[in-house]
Amino acid sequence: MPISPKKLLLSKWTALIPVNREKHFLVSKVILPEDGSPITHVDLQAVHSQRIQTIAWRELEDTTVWVVGWK
């Protein structure tokens, strides 16, 4: 199923390989480039620790690493 970058904000994700007990994530911010080019990165916030990491939004399409929703 294709992912639309326009619908990423506040979407929920599950990491299939948790690190530091961080399994569930929320897209807390969609980073918009200043030059008006398409979205390339998002901030993911871990639900457990509130830690934020920035990743390329296309990494979420890798079904061996991420699953849509909280499982």
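Within the stretch 1-52, the only residue that satisfies the criterion of being of a type in the set (K, R) and on the phi > 0 side of the Ramachandran plot is R21. For the stretch 56-71, a tally of residues being over 15 Å from L10 (Cα atoms) and in contact with a Leu (Cβ under 8 Å, 6 or more places away or on another chain) returns 3. Once the stretch 27-71 is narrowed to residues that are closer than 16 Å to P5 by Cβ and of a type in the set (F, W, Y), the residue that is farthest from the chain's Cα centre (by Cα) is W66. Examine the stretch 14-26 for a residue that is of a type in the set (A, V, I, L, M, F, W, C), loosely packed, with under 11 Cβ neighbours inside 10 Å and either over 22 Å from P2 (Cα atoms) or touching a helix residue (DSSP H, G or I) at 6+ places or on another chain (Cβ under 8 Å) (or both), and state whether such a residue exists. Scanning the stretch 14-26, I find at least one residue that is of a type in the set (A, V, I, L, M, F, W, C), loosely packed, with under 11 Cβ neighbours inside 10 Å and either over 22 Å from P2 (Cα atoms) or touching a helix residue (DSSP H, G or I) at 6+ places or on another chain (Cβ under 8 Å) (or both), so the answer is yes.
Bear in mind that the values in this text are calculations on the coordinates, not laboratory data. The structure displayed is predicted, hence computed values, not measured ones. Please note: Cβ atoms are built from the backbone with ideal geometry, for glycine as well, and neighbour counts cover all protein chains shown.
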